[in-house]
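Engineer: Encoded as C-alpha coordinates, here's the structure I'll be asking about.
The values are calculated or read from the model by the stated rules, or taken from the named source; none is laboratory data. Source: prediction; values computed, not measured. So basically every Cβ, Gly included, is an ideal-geometry build from the backbone, and we count neighbours across all protein chains shown. All accessible areas refer to the heavy atoms of the entire protein, side chains included, with ligands and DNA or RNA removed. Shrake-Rupley method; radii C 1.70, N 1.55, O 1.52, S 1.80 Å.
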Amino acid sequence: MAFTLESAQAIFAETGKPSPIPGILSDFNRLSLEDRLALLWYAYTETGRTITRAALGAASMALVEGMLNQIKQMPPAEQTRVMFDLARRADTPISRSYGYFSANTKLGFWYQLAEWMAQGTVAPIPTNYQMSTDAQLLFESIKNLDGGQQIQVLRDIVLNMGFDPSVVPDEAPESEDFQFERTEPVSTERITVKGVDDPTPLRYFEAMNRDDFAAAVALFEPEGALQPPFQKPIVGREAITTYMREEAQGLTMMPIEGITEVLPDGSKKLKVTGKVQTPWFGVNVAMNIAWRFALNPKGEIFFVAIDMLASPEELVNLRPPSYR
Ligand code: EQ3
(Lines give C-alpha, C1' and ligand atoms only; values in the text may rest on other atoms or scores of the structure.)
Protein backbone atom coordinates (compact mmCIF):
# COMPACT_ATOMS: atom_id res chain seq x y z
CA MET A 1 0.00 0.00 0.00
CA ALA A 2 1.82 3.08 -1.24
CA PHE A 3 1.29 6.27 0.77
CA THR A 4 -0.24 9.35 -0.79
CA LEU A 5 0.52 12.76 0.68
CA GLU A 6 -3.00 12.80 2.08
CA SER A 7 -2.85 9.34 3.66
CA ALA A 8 0.60 10.10 5.10
CA GLN A 9 -0.64 13.34 6.67
CA ALA A 10 -3.29 11.32 8.48
CA ILE A 11 -0.96 8.74 10.09
CA PHE A 12 -1.25 8.66 13.88
CA ALA A 13 -3.38 11.83 13.60
CA GLU A 14 -5.82 10.33 16.10
CA THR A 15 -3.08 9.97 18.73
CA GLY A 16 -2.51 13.71 19.27
CA LYS A 17 -4.75 16.26 20.95
CA PRO A 18 -5.51 19.53 19.12
CA SER A 19 -2.99 22.23 19.96
CA PRO A 20 -4.26 25.45 21.58
CA ILE A 21 -1.83 27.51 19.45
CA PRO A 22 -3.91 28.09 16.25
CA GLY A 23 -6.87 29.36 18.34
CA ILE A 24 -4.61 31.73 20.26
CA LEU A 25 -3.11 33.09 17.04
CA SER A 26 -6.50 33.73 15.49
CA ASP A 27 -7.77 35.48 18.68
CA PHE A 28 -4.60 37.59 18.62
CA ASN A 29 -5.28 38.74 15.06
CA ARG A 30 -8.70 40.05 16.12
CA LEU A 31 -7.20 42.45 18.70
CA SER A 32 -6.54 46.14 18.00
CA LEU A 33 -3.00 47.04 16.91
CA GLU A 34 -2.34 48.75 20.26
CA ASP A 35 -3.45 45.66 22.16
CA ARG A 36 -1.38 43.38 19.95
CA LEU A 37 1.85 45.29 20.52
CA ALA A 38 1.21 45.67 24.25
CA LEU A 39 0.30 41.99 24.67
CA LEU A 40 3.47 40.99 22.84
CA TRP A 41 5.48 43.13 25.18
CA TYR A 42 3.96 41.48 28.26
CA ALA A 43 4.28 37.99 26.75
CA TYR A 44 7.86 38.72 25.81
CA THR A 45 8.81 39.98 29.24
CA GLU A 46 7.36 36.72 30.69
CA THR A 47 9.21 34.39 28.29
CA GLY A 48 11.65 36.33 26.14
CA ARG A 49 14.04 37.30 28.87
CA THR A 50 15.55 33.81 28.60
CA ILE A 51 16.68 34.42 25.01
CA THR A 52 20.34 33.49 24.79
CA ARG A 53 22.51 36.24 23.38
CA ALA A 54 24.74 33.61 21.81
CA ALA A 55 22.00 33.02 19.23
CA LEU A 56 22.81 36.32 17.57
CA GLY A 57 26.16 36.18 15.85
CA ALA A 58 27.27 39.77 15.16
CA ALA A 59 27.65 39.05 11.43
CA SER A 60 24.12 37.74 11.06
CA MET A 61 22.57 41.05 12.09
CA ALA A 62 24.73 43.13 9.73
CA LEU A 63 21.96 43.05 7.14
CA VAL A 64 19.45 44.83 9.37
CA GLU A 65 21.85 47.07 11.25
CA GLY A 66 21.17 50.05 8.96
CA MET A 67 17.42 49.75 9.37
CA LEU A 68 17.64 49.32 13.14
CA ASN A 69 19.85 52.40 13.46
CA GLN A 70 17.44 54.37 11.27
CA ILE A 71 14.62 53.45 13.69
CA LYS A 72 16.79 54.32 16.70
CA GLN A 73 17.34 57.86 15.33
CA MET A 74 13.60 58.51 14.83
CA PRO A 75 11.49 60.56 17.24
CA PRO A 76 9.45 58.26 19.56
CA ALA A 77 6.12 58.85 17.74
CA GLU A 78 7.68 57.75 14.46
CA GLN A 79 9.22 54.68 16.10
CA THR A 80 5.77 53.68 17.34
CA ARG A 81 4.36 54.21 13.86
CA VAL A 82 6.97 51.86 12.36
CA MET A 83 5.91 49.18 14.85
CA PHE A 84 2.24 49.72 14.02
CA ASP A 85 3.06 49.48 10.30
CA LEU A 86 4.79 46.16 10.87
CA ALA A 87 1.88 44.81 12.93
CA ARG A 88 -0.70 45.82 10.29
CA ARG A 89 1.49 44.49 7.45
CA ALA A 90 1.52 47.90 5.76
CA ASP A 91 3.18 48.57 2.43
CA THR A 92 5.90 50.97 3.63
CA PRO A 93 9.65 50.75 2.84
CA ILE A 94 10.59 49.33 6.28
CA SER A 95 7.64 46.96 6.47
CA ARG A 96 8.34 45.81 2.89
CA SER A 97 12.02 45.05 3.61
CA TYR A 98 11.02 43.27 6.84
CA GLY A 99 8.54 41.10 4.90
CA TYR A 100 11.42 39.62 2.89
CA PHE A 101 13.69 38.91 5.90
CA SER A 102 14.27 35.29 6.85
CA ALA A 103 12.56 34.00 10.01
CA ASN A 104 15.69 34.36 12.13
CA THR A 105 16.41 37.89 10.91
CA LYS A 106 12.85 38.94 11.81
CA LEU A 107 13.33 37.50 15.30
CA GLY A 108 16.72 39.16 15.65
CA PHE A 109 15.30 42.51 14.50
CA TRP A 110 12.59 42.48 17.19
CA TYR A 111 15.01 41.16 19.77
CA GLN A 112 17.15 44.27 19.24
CA LEU A 113 14.12 46.58 19.37
CA ALA A 114 12.96 44.88 22.59
CA GLU A 115 16.36 45.51 24.18
CA TRP A 116 16.21 49.17 23.16
CA MET A 117 12.61 49.45 24.38
CA ALA A 118 13.67 48.06 27.77
CA GLN A 119 16.49 50.65 27.89
CA GLY A 120 14.16 53.45 26.75
CA THR A 121 16.19 54.18 23.57
CA VAL A 122 13.19 53.13 21.45
CA ALA A 123 9.62 54.12 22.39
CA PRO A 124 8.41 51.60 24.98
CA ILE A 125 4.80 50.48 25.52
CA PRO A 126 3.34 53.27 27.71
CA THR A 127 3.37 52.08 31.34
CA ASN A 128 -0.23 53.28 31.84
CA TYR A 129 -1.58 51.43 28.75
CA GLN A 130 -4.71 49.45 29.69
CA MET A 131 -5.27 46.35 27.54
CA SER A 132 -8.88 45.51 26.60
CA THR A 133 -10.61 42.65 28.42
CA ASP A 134 -10.15 40.37 25.38
CA ALA A 135 -6.42 41.07 25.34
CA GLN A 136 -6.15 40.43 29.08
CA LEU A 137 -7.98 37.10 28.72
CA LEU A 138 -5.73 36.11 25.86
CA PHE A 139 -2.68 37.01 27.92
CA GLU A 140 -3.93 34.65 30.65
CA SER A 141 -4.30 31.85 28.05
CA ILE A 142 -0.74 32.49 26.87
CA LYS A 143 0.54 32.36 30.44
CA ASN A 144 -1.10 28.93 30.80
CA LEU A 145 0.85 27.50 27.85
CA ASP A 146 4.10 25.67 28.47
CA GLY A 147 7.35 27.52 27.66
CA GLY A 148 7.78 25.76 24.31
CA GLN A 149 4.27 26.72 23.21
CA GLN A 150 4.75 30.32 24.36
CA ILE A 151 7.83 30.81 22.21
CA GLN A 152 6.03 29.20 19.24
CA VAL A 153 3.23 31.78 19.60
CA LEU A 154 5.75 34.66 19.76
CA ARG A 155 7.61 33.30 16.74
CA ASP A 156 4.51 32.85 14.59
CA ILE A 157 3.34 36.39 15.31
CA VAL A 158 6.75 37.93 14.56
CA LEU A 159 6.98 35.93 11.29
CA ASN A 160 3.58 37.17 10.14
CA MET A 161 4.43 40.83 10.61
CA GLY A 162 5.56 43.13 7.81
CA PHE A 163 4.34 43.43 4.23
CA ASP A 164 3.15 40.08 2.88
CA PRO A 165 5.85 39.04 0.35
CA SER A 166 3.48 36.63 -1.42
CA VAL A 167 1.74 39.71 -2.87
CA VAL A 168 4.82 40.44 -5.06
CA PRO A 169 6.96 37.29 -4.86
CA ASP A 170 9.17 38.38 -7.77
CA GLU A 171 10.75 41.10 -5.64
CA ALA A 172 12.17 38.61 -3.15
CA PRO A 173 15.89 39.31 -2.63
CA GLU A 174 18.47 36.51 -2.46
CA SER A 175 18.02 34.46 0.67
CA GLU A 176 20.30 35.55 3.52
CA ASP A 177 22.84 33.41 5.24
CA PHE A 178 21.97 33.55 8.92
CA GLN A 179 24.46 31.48 10.89
CA PHE A 180 23.75 30.38 14.42
CA GLU A 181 26.75 29.97 16.60
CA ARG A 182 26.07 26.87 18.70
CA THR A 183 26.91 27.30 22.36
CA GLU A 184 27.70 23.58 22.52
CA PRO A 185 29.69 21.83 19.77
CA VAL A 186 27.57 19.88 17.27
CA SER A 187 26.68 16.43 18.50
CA THR A 188 28.37 13.37 17.05
CA GLU A 189 26.35 11.11 19.34
CA ARG A 190 24.63 7.99 18.06
CA ILE A 191 20.96 8.24 18.92
CA THR A 192 18.82 5.41 20.26
CA VAL A 193 15.08 5.70 20.76
CA LYS A 194 12.96 3.26 22.78
CA GLY A 195 10.55 1.51 20.38
CA VAL A 196 12.41 2.51 17.19
CA ASP A 197 14.76 0.05 15.44
CA ASP A 198 14.52 1.48 11.94
CA PRO A 199 17.77 3.33 11.15
CA THR A 200 16.18 6.10 9.02
CA PRO A 201 14.65 8.24 11.79
CA LEU A 202 17.73 7.71 13.96
CA ARG A 203 20.07 8.88 11.17
CA TYR A 204 17.68 11.81 10.57
CA PHE A 205 17.99 13.03 14.19
CA GLU A 206 21.78 12.57 14.17
CA ALA A 207 22.17 14.52 10.92
CA MET A 208 19.92 17.33 12.18
CA ASN A 209 21.96 17.61 15.37
CA ARG A 210 25.09 18.07 13.24
CA ASP A 211 23.31 20.70 11.06
CA ASP A 212 24.16 18.30 8.22
CA PHE A 213 21.08 19.04 6.12
CA ALA A 214 22.49 17.31 3.04
CA ALA A 215 22.64 14.04 4.99
CA ALA A 216 19.19 14.59 6.53
CA VAL A 217 17.58 15.39 3.16
CA ALA A 218 19.29 12.42 1.46
CA LEU A 219 17.11 10.23 3.71
CA PHE A 220 13.99 11.52 1.93
CA GLU A 221 12.77 10.02 -1.32
CA PRO A 222 13.19 12.60 -4.14
CA GLU A 223 9.56 13.75 -3.93
CA GLY A 224 9.41 13.27 -0.14
CA ALA A 225 7.75 15.90 2.05
CA LEU A 226 8.32 17.64 5.38
CA GLN A 227 5.44 19.29 7.21
CA PRO A 228 6.53 21.84 9.86
CA PRO A 229 4.18 22.66 12.76
CA PHE A 230 0.95 24.38 11.59
CA GLN A 231 2.18 24.57 7.99
CA LYS A 232 1.54 22.87 4.67
CA PRO A 233 3.96 20.15 3.52
CA ILE A 234 7.17 21.22 1.77
CA VAL A 235 7.64 18.82 -1.13
CA GLY A 236 10.89 17.69 -2.79
CA ARG A 237 14.50 17.47 -1.64
CA GLU A 238 15.53 20.89 -2.96
CA ALA A 239 12.68 22.77 -1.25
CA ILE A 240 13.29 20.88 2.01
CA THR A 241 17.01 21.73 1.90
CA THR A 242 16.28 25.45 1.41
CA TYR A 243 13.80 25.34 4.29
CA MET A 244 16.18 23.48 6.63
CA ARG A 245 19.04 25.92 5.94
CA GLU A 246 16.82 28.83 6.95
CA GLU A 247 14.85 27.32 9.79
CA ALA A 248 16.63 24.35 11.30
CA GLN A 249 20.14 25.59 12.08
CA GLY A 250 21.31 24.99 15.60
CA LEU A 251 18.30 22.94 16.69
CA THR A 252 18.92 20.18 19.21
CA MET A 253 16.69 17.13 18.82
CA MET A 254 16.18 14.89 21.81
CA PRO A 255 13.83 12.08 20.73
CA ILE A 256 12.68 9.96 23.66
CA GLU A 257 10.26 7.23 22.64
CA GLY A 258 8.53 5.86 19.56
CA ILE A 259 6.15 3.34 18.07
CA THR A 260 6.55 1.56 14.75
CA GLU A 261 3.95 -0.11 12.56
CA VAL A 262 5.04 -2.20 9.56
CA LEU A 263 2.55 -2.37 6.67
CA PRO A 264 2.11 -5.47 4.41
CA ASP A 265 4.26 -3.99 1.58
CA GLY A 266 7.14 -3.23 3.95
CA SER A 267 6.43 0.49 4.29
CA LYS A 268 6.36 1.81 7.83
CA LYS A 269 4.57 4.34 10.03
CA LEU A 270 6.49 5.66 13.00
CA LYS A 271 5.66 8.16 15.68
CA VAL A 272 8.48 9.52 17.82
CA THR A 273 8.05 11.96 20.68
CA GLY A 274 10.73 14.04 22.32
CA LYS A 275 12.06 17.50 22.99
CA VAL A 276 13.63 20.10 20.72
CA GLN A 277 15.69 23.11 21.80
CA THR A 278 16.11 26.19 19.62
CA PRO A 279 19.35 28.21 19.68
CA TRP A 280 17.25 31.28 20.59
CA PHE A 281 16.55 29.88 24.05
CA GLY A 282 19.22 27.14 24.39
CA VAL A 283 18.65 24.89 27.38
CA ASN A 284 16.17 27.38 28.93
CA VAL A 285 13.17 26.15 26.90
CA ALA A 286 12.48 22.69 25.47
CA MET A 287 9.57 22.18 23.08
CA ASN A 288 7.53 18.98 23.31
CA ILE A 289 7.41 17.58 19.79
CA ALA A 290 6.15 14.57 17.83
CA TRP A 291 7.58 13.43 14.51
CA ARG A 292 5.22 11.29 12.42
CA PHE A 293 7.22 9.44 9.76
CA ALA A 294 5.90 7.55 6.73
CA LEU A 295 8.71 5.44 5.22
CA ASN A 296 8.52 3.74 1.83
CA PRO A 297 9.48 0.03 1.50
CA LYS A 298 13.08 1.11 0.70
CA GLY A 299 13.26 2.83 4.09
CA GLU A 300 13.27 6.35 2.60
CA ILE A 301 11.21 9.15 4.15
CA PHE A 302 8.09 9.72 2.08
CA PHE A 303 6.70 12.16 4.64
CA VAL A 304 7.45 13.51 8.08
CA ALA A 305 5.20 15.83 10.06
CA ILE A 306 6.53 17.81 12.99
CA ASP A 307 3.83 18.54 15.56
CA MET A 308 3.92 20.65 18.70
CA LEU A 309 2.39 18.51 21.45
CA ALA A 310 -0.66 19.94 23.19
CA SER A 311 0.57 18.77 26.61
CA PRO A 312 3.70 17.12 28.06
CA GLU A 313 1.64 13.96 28.84
CA GLU A 314 1.64 13.25 25.11
CA LEU A 315 5.37 12.61 25.30
CA VAL A 316 4.65 9.21 26.82
CA ASN A 317 1.07 8.58 25.66
CA LEU A 318 1.91 7.61 22.11
CA ARG A 319 -1.23 5.62 21.37
CA PRO A 320 -4.87 6.72 21.41
CA PRO A 321 -6.56 5.96 24.80
CA SER A 322 -8.39 2.83 23.48
CA TYR A 323 -5.08 1.08 22.63
CA ARG A 324 -3.34 1.65 25.98
C1 EQ3 B 1 9.51 44.18 21.45
C2 EQ3 B 1 8.34 43.25 21.63
C3 EQ3 B 1 8.54 42.46 22.88
C4 EQ3 B 1 7.04 44.06 21.83
C5 EQ3 B 1 6.55 44.69 20.56
O6 EQ3 B 1 5.34 45.35 20.83
C7 EQ3 B 1 6.29 43.59 19.50
C8 EQ3 B 1 7.31 42.53 19.44
C9 EQ3 B 1 7.21 41.59 18.27
C10 EQ3 B 1 8.28 42.34 20.41
C11 EQ3 B 1 9.37 41.37 20.26
C12 EQ3 B 1 9.25 40.04 20.34
C13 EQ3 B 1 10.39 39.11 20.25
C14 EQ3 B 1 11.76 39.63 20.33
C15 EQ3 B 1 10.14 37.78 20.11
C16 EQ3 B 1 11.15 36.76 19.95
C17 EQ3 B 1 10.76 35.46 19.87
C18 EQ3 B 1 11.66 34.32 19.59
C19 EQ3 B 1 13.11 34.53 19.51
C20 EQ3 B 1 11.08 33.11 19.39
C21 EQ3 B 1 11.78 31.91 18.95
C22 EQ3 B 1 11.09 30.77 18.84
C23 EQ3 B 1 11.64 29.59 18.25
C24 EQ3 B 1 10.89 28.45 18.03
C25 EQ3 B 1 9.51 28.31 18.52
C26 EQ3 B 1 11.50 27.34 17.28
C27 EQ3 B 1 10.82 26.21 16.93
C28 EQ3 B 1 11.45 25.21 16.13
C29 EQ3 B 1 10.87 24.00 15.78
C30 EQ3 B 1 9.57 23.57 16.29
C31 EQ3 B 1 11.61 23.17 14.83
C32 EQ3 B 1 11.07 22.13 14.22
C33 EQ3 B 1 11.73 21.33 13.17
C34 EQ3 B 1 12.08 20.01 13.44
C35 EQ3 B 1 12.02 19.45 14.81
C36 EQ3 B 1 12.48 19.11 12.41
O37 EQ3 B 1 12.72 17.89 12.62
C38 EQ3 B 1 12.54 19.59 10.98
C39 EQ3 B 1 12.75 21.05 10.87
C40 EQ3 B 1 11.81 21.87 11.77
C41 EQ3 B 1 12.40 23.28 11.71
C42 EQ3 B 1 10.40 21.92 11.19
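Engineer: For the stretch 281-294, which residues satisfy the criterion of being out of contact with any Leu (no Cβ under 7 Å at 6 or more places or on another chain) and assigned to a strand (DSSP E or B)?
Structural biologist: Scanning the stretch 281-294 gives Met287, Trp291, Arg292, Ala294.
Engineer: Cβ-Cβ under 9 Å, sequence separation 6+ or interchain: first residue in the stretch 150-165 and more than 7 Å from the ligand (Cβ to nearest atom) and open to solvent by 40 Å² or more (accessible area, probe 1.4 Å), partner part of a helix (DSSP H, G or I) and polar (S, T, N, Q). Which pairs?
Structural biologist: Pairs found: Asn160/Asn29.
Engineer: Does Pro312 qualify as being touching a residue at least 40 places away in the same chain (Cβ under 8 Å) and not acidic (Asp, Glu)?
Structural biologist: Answer is yes for this residue.
Engineer: Quick one: which residue in Leu315, Leu295, Leu251 is out of contact with any Gly (no Cβ under 8 Å at 6 or more places or on another chain) and open to solvent by 10 Å² or more (accessible area, probe 1.4 Å)? Reasoning before the result, please.
Structural biologist: Numbers: Leu315 fails: out of contact with any Gly (no Cβ under 8 Å at 6 or more places or on another chain); Leu295 fails: open to solvent by 10 Å² or more (accessible area, probe 1.4 Å).
Result: Leu251 is the single residue among Leu315, Leu295, Leu251 that is out of contact with any Gly (no Cβ under 8 Å at 6 or more places or on another chain) and open to solvent by 10 Å² or more (accessible area, probe 1.4 Å).
Engineer: If you take the residues of the stretch 222-235 that are touching a residue at least 40 places away in the same chain (Cβ under 8 Å) and of a type outside the set (Gly, Ala, Ser), which of them is nearest to the ligand (Cβ to nearest atom)?
Structural biologist: This residue is Pro228.
Engineer: Can you name the residue in the stretch 236-280 that is within 16 Å of Phe213 (Cβ to Cβ) and part of a strand (DSSP E or B) and, of all such residues, is farthest from the ligand (Cβ to nearest atom)?
Structural biologist: Of everything passing the filter in the stretch 236-280, Thr252 is farthest from the ligand (Cβ to nearest atom).
Engineer: For the stretch 295-321, which positions are out of contact with any Pro (no Cβ under 7 Å at 6 or more places or on another chain) and assigned to a loop (DSSP other than H, G, I, E, B)?
Structural biologist: Within the stretch 295-321, Asn296, Pro297, Lys298, Gly299, Glu300, Leu309, Ser311, Val316, Asn317, Leu318, Arg319, Pro320 meet the criteria.
Engineer: Step by step: first the residues of the stretch 206-221, then only those that are part of a helix (DSSP H, G or I) and open to solvent by less than 40 Å² (accessible area, probe 1.4 Å), then the one that is nearest to the ligand (Cβ to nearest atom). Which residue is that?
Structural biologist: The residue in question is Met208.
Engineer: Could you tell me whether any residue of the stretch 286-307 is of a type outside the set (A, V, I, L, M, F, W, C) and at pLDDT below 95?
Structural biologist: There is no residue in the stretch 286-307 that is of a type outside the set (A, V, I, L, M, F, W, C) and at pLDDT below 95.
Engineer: To continue, here is another question. Give all pairs with beta carbons closer than 7 Å in which a residue from the stretch 109-136 that is away from the ligand (no atom under 12 Å from the Cβ) meets a residue that is open to solvent by 60 Å² or more (accessible area, probe 1.4 Å) and modelled with pLDDT of 90 or more; count only pairs at least 6 apart in sequence or on separate chains.
Structural biologist: Thr121/Lys72
Engineer: Looking at the stretch 64-82, can you tell me whether even one residue there is modelled with pLDDT under 85, in a helix (DSSP H, G or I) and more than 12 Å from the ligand (Cβ to nearest atom)?
Structural biologist: Start the filter on the stretch 64-82 by keeping residues that are modelled with pLDDT under 85, which leaves none.
No, that holds for no residue.
Engineer: Another question, then. Being buried (at least 18 other Cβ atoms within 10 Å of the Cβ), within 16 Å of the ligand (Cβ to nearest atom) and closer than 14 Å to Thr200 by Cα: is that true of Ile289 here?
Structural biologist: no
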